[in-house]
Amino acid sequence: MQTTAPISKPMMWTGRIMSAIPVLLILFGSVMKLMRAPSVLEGVGRYGISEQLVVPIGVIELVCAVLYLIPSTSVLGAILITGLMGGATFTTLRIGDPTYVMNIILGMMAWGGLYLRDRRIRELIPLRSSGE
């Protein structure tokens, strides 16, 4: 079996930054939902989501982000963030909101950041040159 090359400092920091962006946005959205901010309540109404679901959705977002931040559960967190972003993509597409692309990009950033900073993911999904 091929050993994975060590993680360089630039790769690690790029991965951390790529990971931080979706996490910070998810955490911000979670806090806003948990506080039941008026703008959030207005927004979920536009998407056809009951106001009663705002706090549970905020809790789910918080759990996903926290699991992603803990190194030993980061892969589970990334899987859950993928589901979260998939649901958000569907919700925005359903009403014709063009911001659905942002959800796809955030999901890709979460996995890309994890790929750069976690050897386990690179071993699972190795990039190969065209000569191999």
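The values are calculated or read from the model by the stated rules, or taken from the named source; none is laboratory data. All values reported here derive from a predicted model rather than from experimental measurement. We place every Cβ from the backbone using ideal geometry, glycine too, and count neighbours over all the protein chains shown. These accessible areas exclude ligands, DNA and RNA; they are computed on the full protein's heavy atoms, side chains included. Shrake-Rupley method; radii C 1.70, N 1.55, O 1.52, S 1.80 Å.
Tell me, what HN-Hα J-couplings in whole Hz come from the Karplus equation 6.51 cos²θ - 1.76 cosθ + 1.60 at θ = phi - 60° for each residue of segment 52-66, using x for Gly and Pro?
5, 8, 4, 5, x, 5, x, 5, 4, 4, 4, 4, 4, 5, 5
So what is log10(I(q)/I(0)) for segment 50-123 at q = 0.12, 0.13, 0.18, 0.20 1/Å, when the Debye sum runs over its Cα atoms only?
Here the Debye-derived log intensity ratios amount to -0.36, -0.42, -0.74, -0.87.
Under 8 Å for C-alpha pairs, at least 6 residues apart: give me the relative contact order for the chain, rounded to a whole percent.
On the way: 128 pairs, mean separation 44.7, N = 132.
Relative contact order here is 34 percent.
Which semi-axis lengths, in whole Å and largest first, follow from the square roots of five times the eigenvalues of the Cα gyration tensor of the chain? Let's see the in-between values first.
Details: eigenvalues 209, 49, 26 Å².
The equivalent ellipsoid of the chain has semi-axes of 32, 16, 11 Å.
Going 7 Å from the Cα of Met35 toward and past its Cβ, which residues in segment 48-85 have a backbone nitrogen under 16 Å from where you end up?
Once the point is set 7 Å along Cα→Cβ of Met35, 55, 58-59, 62 turn out to lie under 16 Å by backbone N, inside segment 48-85.
To the nearest 500 deg cm²/dmol, what mean residue ellipticity at 222 nm is calculated for the chain from DSSP H runs of n ≥ 4 alone, each contributing -39,500 (n - 2.57), summed and divided by the residues?
Numbers: 6 runs with 96 residues, N = 132.
So the helix-based figure for the chain works out to -24000 deg cm²/dmol.
No solvent, one uniform scatterer per C-alpha: report log10 I(q)/I(0) for segment 1-62 via the Debye equation at q = 0.18, 0.27, 0.29 1/Å, two decimals.
-0.67, -1.05, -1.12
Would you kindly state the longest site-free stretch of the chain, with sites defined as trypsin sites (Lys or Arg not before Pro) in a DSSP loop (not H, G, I, E, B) surrounded by at most 16 other Cβ atoms within 10 Å?
Values: sites that count: Arg36, Arg128.
Answer from the scan: 37-127.
Ignoring ligands, DNA and RNA, what percent of the accessible area of the chain is carbon or sulfur (1.4 Å)?
Ligands and nucleic acids excluded, carbon and sulfur give 72 percent.
Where only protein heavy atoms count, and the probe is 1.4 Å, what is the accessible area per residue for the chain in Å²? It would help to have the intermediate numbers written out before the result.
Details: 8220 Å² over 132 residues.
Normalised by residue count, the accessible surface of the chain is 62 Å².
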